[in-house]
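The values are calculated or read from the model by the stated rules, or taken from the named source; none is laboratory data. In this text, all values refer to a predicted model and were calculated from it rather than measured experimentally. Please note: Cβ atoms are built from the backbone with ideal geometry, for glycine as well, and neighbour counts cover all protein chains shown. Side chains are part of the model used for accessible areas, which takes the heavy atoms of the whole protein and leaves out ligands, DNA and RNA. Shrake-Rupley method; radii C 1.70, N 1.55, O 1.52, S 1.80 Å.
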Amino acid sequence: MTRTPPKTDSQLKNTLVEELKWIPDVDSTHIGITVDDGAVTLFGEVDSYPEKLLAEKAVMRVKGVTAIAQEITVRDPGAGVSDTDIAREAGEALRRAVDVPETVRVSVHDHVITLSGDVQGQHERSAAARAVRYTKGVRSVTSSIVIRSAAPTKDIKTAITAALVRSALLEGLNITVTPREAGEVELDGTVRSWTEHRQAELVAWSAPGITTVVNNLRVQY
């Protein structure tokens, strides 16, 4: 089987430009891209925070990208939306979300949402971020939510490794799982894409009792 040679930075940039144009909810007109040895930097302005996230996800899907620096900013929403408006809307969104516990709180400063409180797992922390990201006027969402979970299972390394093998995306990859203290695990090795990089992290987060995942996986084509 003949292996396809890696794209040059110039070729990769052209591919990324075409991919951003392909996404209906992303206006790539004001998004710039630089590529250095496969490491991509996104810059420029978009109209909303979800659009910023969509642009990053689009880049992560493209083969040849080894790292991403996200420097896109969300345009100033103007005087029509205040921090108070955002806080009210975000609070209501959290209350409506069936997968977000009442322990999650929200604060807003300069159109940036900060989530705090404690949850039982990463799935609840992710759900809280999803619930508020579509609030009008938001520039960014940061999370200070703490995961307070039960103690990890006794042989967490074996459990996570088995789950990685079961994954259709990850079977056969050389990923090393190293348990640390207080529910922390570390992932090392190489993967073939950012999709695999993200999938391996999601698998590790799914293990009972995990409070921190340190993802040291390298994307290597």
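As a test, work out the antiparallel percent of DSSP beta bridges whose residues both lie in the chain, rounded to the nearest 5. Given both bridge residues lie in the chain, the antiparallel proportion sits at roughly 45 percent.
Compute the whole-percent fraction of alpha carbon pairs in region 157-206 spaced more than 12 Å apart. Please list the in-between numbers first.
Values: 722 of 1225 pairs.
For region 157-206, the share of Cα pairs beyond 12 Å comes to 59 percent.
Per-residue Karplus couplings for region 57-67, computed as 6.51 cos²θ - 1.76 cosθ + 1.60 with θ equal to phi - 60°, are listed in order as 4, 4, 5, 5, 7, 7, 5, x, 7, 9, 7 Hz, Gly and Pro entered as x.
Annotation: Cα Rg of region 106-177 relative to the compact-globule expectation 2.2 N^0.38 Å equals 1.51.
Between the DSSP loop rule and a limit of at most 14 other Cβ atoms within 10 Å, which trypsin sites (Lys or Arg not before Pro) in region 46-101 are left? Walk me through the numbers on the way to the answer.
Numbers: sites: K52, K57, R61, K63, R75, R88, R95, R96; in loops: R61, K63, R75.
For trypsin sites (Lys or Arg not before Pro) across region 46-101 that sit outside H, G, I, E and B with at most 14 neighbouring Cβ atoms in 10 Å, the list reads R61, R75.
With a Förster radius of 22 Å applied to the C-beta separation of T161 and D37, the computed FRET efficiency comes to 0.10. Straight-line cross-link reach from K63 at under 14 Å between alpha-carbon atoms covers these aspartates and glutamates, not counting any fewer than eight positions away in the same chain: D9, E18, E19, D37, E196.
For the chain, the solvent-accessible area of protein heavy atoms averages 57 Å² per residue (probe radius 1.4 Å; ligands and nucleic acids excluded). Using equal-weight Cα scatterers in the Debye expression, the normalised intensity of the chain in log10 at q = 0.10, 0.17 Å⁻¹ is -0.55, -1.26. Among the GluC sites (Glu not before Pro) found in region 66-147, those both in a DSSP coil and sparsely packed, with 10 or fewer other Cβ atoms within 10 Å of their Cβ, are E102. Over region 72-119, what percent of the accessible surface lies on carbon and sulfur atoms, probe 1.4 Å? With neighbouring chains kept in place, the figure for region 72-119 is 49 percent. Across the chain, the mean sequence separation of Cα contacts (distance under 8 Å, 6 or more residues apart), normalised by length, yields a relative contact order of 16 percent. Extent along the principal axes, Cα only, for region 82-140: 31, 17, 15 Å, with the longest axis given first. Judged by the mean number of other Cβ atoms found within 10 Å, the most tightly packed of the peptides 12-25, 125-138, 187-200 leads the ranking 125-138, 187-200, 12-25. The label point for D188 and the one for K13, both projected 7 Å from the Cα toward the Cβ, are 3.6 nm apart.
Would you please state the base-10 log of I(q)/I(0) at q = 0.13, 0.23 1/Å for region 2-113, with intensities from the Debye formula using one equal scatterer on every alpha carbon? Log10 of I(q)/I(0), two decimals: -0.63, -1.16.
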